[in-house]
Amino acid sequence: MRGVVNIKRLLGIILLCTSVLSGCQENSNIYSGIEKTDIEDISNAKNLEFVYEYKGYTDHWAAAYYVYKMIDNDEHASKLVLKYVGKQPEPTGELRYAYDTEGGGAGSGTLPSDHSKDGIYYLGSSGGNGAIAARNSLVKMQVKWNGNTETFELKPEINR
């Protein structure tokens, strides 16, 4: 009888560990497809001086904002990428977004929902030699779709 209790206890511990690890794995994959290694301009660059990255997510969306600069170039560039991570079906109709950074950079736009590839929306890029988001600042993001609105913050990914 004692052996059965120990086996049940062991199985319970294994199930608990599996569910905890699955939850961690799910969060780590939420940015799959929108990591800096997925952005060609960044991943193919041989002479990057810096890349600032900001990330955040909700129940329905994951977003990444990148600011980067090449060595020997006075201009920087930025890219904003949004990924639908909610339950199916994906959004229909128009998708509206707005973002604002501390230190420089803001924008908004409207896209048709079919403008995505595998639920990933490339919201554009900008560049110049003006102000950029501070490395340790927040980016405020708002997404509107199908009568829903979500507002969330993208936090800096420092030392990654």
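Just one of the numbered conditions (1) open to solvent by less than 40 Å² (accessible area, probe 1.4 Å); (2) over 18 Å from Glu53 (Cα atoms); (3) modelled with pLDDT of 85 or more is not true of Ser137: (2). The set of residues in region 141-150 that are open to solvent by 30 Å² or more (accessible area, probe 1.4 Å) and in contact with a Leu (Cβ under 8 Å, 6 or more places away or on another chain) contains only Lys144.
Cβ-Cβ distance below 9 Å, separation of 6 or more or different chains: which pairs start in region 109-135 with a residue that is in contact (Cβ under 8 Å) with a residue 40 or more places away in the chain and end on one that is open to solvent by 60 Å² or more (accessible area, probe 1.4 Å) and outside any loop (DSSP other than H, G, I, E, B)? From region 109-135, the pairs are Ile120/Asp38; Tyr121/His115; Tyr122/His115; Ser125/Asp41. Taking region 32-126 as the region of interest, the strands (runs of 3 or more DSSP E) fully inside it that hold 1 or more residues being touching a strand residue (DSSP E or B) at 6+ places or on another chain (Cβ under 6 Å), charged (D, E, K, R) and open to solvent by 60 Å² or more (accessible area, probe 1.4 Å) are 48-57, 94-101. Would you mind finding the one in Glu157, Glu153 that is open to solvent by 60 Å² or more (accessible area, probe 1.4 Å) and at pLDDT 90 or above? Testing whether each residue is open to solvent by 60 Å² or more (accessible area, probe 1.4 Å) and at pLDDT 90 or above leaves just Glu153.
Pick out the one residue from Ile14, Ile34 that is of a type outside the set (Gly, Ala, Ser), out of contact with any Ser or Thr (no Cβ under 8 Å at 6 or more places or on another chain), modelled with pLDDT of 90 or more and closer than 30 Å to Lys87 by Cβ.
Numbers: Ile14 fails: modelled with pLDDT of 90 or more.
One residue alone meets the criteria, Ile34.
The values are calculated or read from the model by the stated rules, or taken from the named source; none is laboratory data. Just so it is clear, the structure is predicted and the values come from calculations on it, not from any experiment. With ideal geometry, Cβ positions are generated from the backbone for all residues, glycine too; neighbour counts draw on all protein chains shown. The protein model used for the area step is the full one, side chains on, heavy atoms only, and it has no ligands, DNA or RNA in it. Shrake-Rupley method; radii C 1.70, N 1.55, O 1.52, S 1.80 Å.
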